[in-house]
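The values are calculated or read from the model by the stated rules, or taken from the named source; none is laboratory data. None of these values were measured; they are calculated from a predicted model. As a convention, Cβ positions derive from the backbone with ideal geometry for all residues, glycine included, and neighbour counts pool all protein chains shown.
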Amino acid sequence: VKVEDLPVGLYGNITLNDVQLAAAYYPILIDLAKHKHRLTYGELGECGSGFTGLFDPVKVRSDVYAYDWSEVTDEFDLYIKDIKASKKPRKKLSKSEATDVMAKYYQENRSAYPDEIRARRKDLIALIMDGLSEKEAFEQVASQCE
């Protein structure tokens, strides 16, 4: 399954903690996959409802076991380094600051977004106040306008 094929929002809010956990689990999971072994709930945890609501764990496990893991590297460090840099905690803005940032971005990029986005001004400001970049906020809200 490719990330781009997953439902929107499934991986949309990856935090620095998520990346650190991925870095810790990746070599373990690759080794388990290569040896066709699975961890039990007591060892790590069985699939939770967030996964089973979207996928059939038995089928996914079968697909993982069928994959040729011999060429997969367990070196994840370079990827993690880049992701960590992009996932540093975001600076939260005041309502006034977020409003100014939103307005400036909209004026500079108006043609890239649907006209309906103007009705979602409060949502844009709230997302920017929560630490999303202007572009991220506009992209998220624009995707809901269509």
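Out of the residues in region 71-109 that are surrounded by 11 or more Cβ atoms within 10 Å (Cβ to Cβ) and of a type in the set (Ser, Thr, Tyr), which is modelled with the lowest pLDDT? So the residue we want is 79.
The set of residues in region 111-146 being crowded, with 16+ Cβ neighbours inside 10 Å and part of a loop (DSSP other than H, G, I, E, B) consists of 113, 132.
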